[in-house]
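Step one of this worksheet: look at the structure below.
The values are calculated or read from the model by the stated rules, or taken from the named source; none is laboratory data. The structure presented is a predicted model; accordingly, all values stated were derived computationally and were not measured. We place every Cβ from the backbone using ideal geometry, glycine too, and count neighbours over all the protein chains shown.
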Amino acid sequence: MSGVVAAVDLGATSGRVMLGYVGDGELRLEQVARFPNGPVPGPDGSLRWDFTALYRHIVEGLSEAVRREPGIASIGIDSWAVDYGLVHGGELLGEPFHYRDERTVRGVDAVNAAVPFAELYRRNGLQFLPFNTLYQYAVEERLADAEVSLLIPDLVAFLLTGARSAERTNASTTGLVDVRTGEWDLELAERLGVPASLLPPLVDPGAVLGTLRGEARERIGAAIDVVAVGSHDTASAVVAVPLSTPDAAYISCGTWGLVGVELDEPVVSDEAREANFTNEGGVDGRVRFLHNVTGLWLLSEAVRTWEAEDGAAIDLPALLGEAAAGTGDVPLFDANDARLSAPGDMPARIAAVIAESGTAVPATRAAFARSIVESIAQAFADAVATAGRLTGREVDVIHLVGGGSLNRLLCQATADRSGLPVIAGPVEATALGNVLVQARAHGWFGPDATLEDLRRAVAASTSPERYEPRA
Ligand code: LRH
């Protein structure tokens, strides 16, 4: 069976609406709309998302999708994790905070004082990231004004259909889902002062959430169902990793590099906690056992700074080509250094981190870019090795998907530094995973299709590139 669905895929730097054509051996994406995204200053000097603009772009994109393909069977929505909107009386209480807003520092102190981290990890299985939703809730001033809190994709689905739900893979990044049962940990929520009423019913990927209603339906021009997908972008990306061996590791690389393996059961050992590995919820109850590495954020922020200096756009492929042609050592720094996480002058901050180690700071932008990429690759290689050690797997290949798979320097450096082959692609893993979970819900892969069946479809329809490690 075959058909077409629409995927709304929101990343930290851009959002897209795609059409996904599935069936009869076909799996193909067509981009319908692309729009910018990024942190914007809030009224109080905080860092927010311009959700109003995002939602407008989504509705416009969907209406264009319907114009091109009136027979769209459903819509699926995924985005970055952890961030939420508070809703009262059907209205959004202000633009959502950006996870890079510094208020989370206070949230961490408050949560640590209430629940020791070792206990938290046993309960939610999440790596410590200062922006996990529970830390944001700890400093959220409007919690008491809200009827419900909805994560970004759930918020979009709510505005489109009126459904109030929490898709499970993304809900797992709040820190309030029990890693063993996959249900809200209401006792933990209570201890942290989060009212249970704010946490809507959990739903699994594949569930029909509702049908376009009211103004959204009028503007989009059809009464289409919204179907839950792995609404955490990383969960959708992992669906579309064409895992080629049982011991393969994956890296989903965009703004972040999410590095790990897929498991059937969580690992919440002391070693996993000390290594800061996370057990996020995957589609079909799988576990995404991974580590967040600061990914291409470092490069895109550096480029943003250089562009502001020049008052002109930078040709990134040309810069990376120049970087790849460079010979000689470049300094390595810790890509995960917390000082590199806020927006701002990235080259200066990286230079300060490098200088601390007594090494010479790269003299040219090309050398700087190579230093950044090699440092990310080293962090990737280290995380793959740690994932193998913590799970007792002999990782034999790394699948690198997402925007980073187009960065040849990064793919080769990851192969070299890990000593493992890197299979790069598909670049559109997130949108593909979104489309595949919808297609499966429609029965287009047969009655009992597994993730492995979906991954076979990805392998058959994309041509990843292989990078062998060099001595
Ligand atoms: C990647 C991602 C990642 C989260 C971060 C907030 O887009 O969803 O998995 O940790 O954004």
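Take the range 1-17 and flag every residue that is away from the ligand (no atom under 12 Å from the Cβ) and either of a type in the set (Ser, Thr, Tyr) or crowded, with 24+ Cβ neighbours inside 10 Å (or both). The answer is Ser2, Val5, Ala6, Ala7, Val8, Val17.
Is at least one residue of the range 100-111 away from the ligand (no atom under 15 Å from the Cβ) and either among the basic types (Lys, Arg) or under 24 Å from Val287 (Cα atoms) (or both)? Yes, the conditions are met somewhere in the range 100-111. The residues on offer are Asp78, Asp83, and the sole one that is within 16 Å of the ligand (Cβ to nearest atom), more than 18 Å from Glu428 (Cα to Cα) and surrounded by 14 or more Cβ atoms within 10 Å (Cβ to Cβ) is Asp83.
Output yes when any residue across the range 299-306 is of a type outside the set (S, T, N, Q), buried (at least 19 other Cβ atoms within 10 Å of the Cβ) and outside any helix (DSSP H, G or I), and no when none is. No, the range 299-306 contains no residue that is of a type outside the set (S, T, N, Q), buried (at least 19 other Cβ atoms within 10 Å of the Cβ) and outside any helix (DSSP H, G or I). Applying the criterion of being surrounded by fewer than 16 Cβ atoms within 10 Å (Cβ to Cβ) and among the aliphatic types (A, V, I, L, M) to the residues of the range 18-59, the residue that is farthest from the ligand (Cβ to nearest atom) is Ala53. Out of Leu120, Leu92, one residue alone is within 16 Å of Val194 (Cβ to Cβ), more than 12 Å from the ligand (Cβ to nearest atom) and either exposed (fewer than 12 other Cβ atoms within 10 Å of the Cβ) or modelled with pLDDT of 95 or more (or both). It is Leu120. Could you list, in sequence order, the residues of the range 315-350 that are assigned to a helix (DSSP H, G or I), more than 24 Å from Pro130 (Cα to Cα) and of a type in the set (A, V, I, L, M)? Those that are assigned to a helix (DSSP H, G or I), more than 24 Å from Pro130 (Cα to Cα) and of a type in the set (A, V, I, L, M): Leu316, Ala318, Leu319, Leu320, Ala323, Ala324, Ala325.
Residues in the range 263-284 that are within 16 Å of the ligand (Cβ to nearest atom) and among the acidic types (Asp, Glu): Glu280 alone. Among all positions in the range 81-101, there is no residue which is closer than 26 Å to Asp225 by Cα, of a type in the set (Lys, Arg) and in the same structural domain as Val227 (by TED's automatic domain parsing). Inspection of the range 258-279 finds a residue satisfying the criterion of being over 22 Å from Gly425 (Cα atoms) and assigned to a strand (DSSP E or B). Checked against (1) of a type in the set (A, V, I, L, M, F, W, C); (2) in contact with a Phe, Trp or Tyr (Cβ under 9 Å, 6 or more places away or on another chain); (3) buried (at least 24 other Cβ atoms within 10 Å of the Cβ), Leu199 passes all but a single condition, namely (3). Screening Thr173, Thr245 for residues that are of a type in the set (Val, Ile, Thr) and either over 21 Å from the mean Cα position of the chain (by Cα) or part of a loop (DSSP other than H, G, I, E, B) (or both) leaves exactly one candidate, Thr245. Have a look at Thr430, Thr462, Thr414, Thr391 and point out the one that is modelled with pLDDT under 95 and not assigned by TED's automatic domain parsing to the domain that holds Asp78. Exactly one of Thr430, Thr462, Thr414, Thr391 is modelled with pLDDT under 95 and not assigned by TED's automatic domain parsing to the domain that holds Asp78, namely Thr462. Within the range 142-158, the set of residues being in a helix (DSSP H, G or I) and buried (at least 21 other Cβ atoms within 10 Å of the Cβ) comprises Ile152, Pro153, Asp154, Leu155, Val156, Ala157, Phe158. For the range 8-49, a tally of residues being modelled with pLDDT of 95 or more, charged (D, E, K, R) and assigned to a loop (DSSP other than H, G, I, E, B) returns 0. Between Asp185, Asp154, the distinction of being within 16 Å of the ligand (Cβ to nearest atom) and either on the phi < 0 side of the Ramachandran plot or not aliphatic (A, V, I, L, M) (or both) belongs to Asp154 only.
Condition (residue is assigned to a helix (DSSP H, G or I), hydrophobic (A, V, I, L, M, F, W, C) and surrounded by fewer than 23 Cβ atoms within 10 Å (Cβ to Cβ)) applied to the range 411-431: is it met by at least one residue? Scanning the range 411-431 turns up no residue that is assigned to a helix (DSSP H, G or I), hydrophobic (A, V, I, L, M, F, W, C) and surrounded by fewer than 23 Cβ atoms within 10 Å (Cβ to Cβ). What about Val229, is it under 23 Å from Asp9 (Cβ atoms) and assigned to a strand (DSSP E or B)? No.
Set side by side, the residues Gly260, Gly210 differ, and just one is of a type outside the set (Val, Ile, Thr) and either within 16 Å of the ligand (Cβ to nearest atom) or farther than 19 Å from Leu160 by Cα (or both), which is Gly260. State yes or no: is Ala313 surrounded by 16 or more Cβ atoms within 10 Å (Cβ to Cβ), assigned by TED's automatic domain parsing to the domain that holds Asn276 and of a type in the set (Gly, Ala, Ser)? No.
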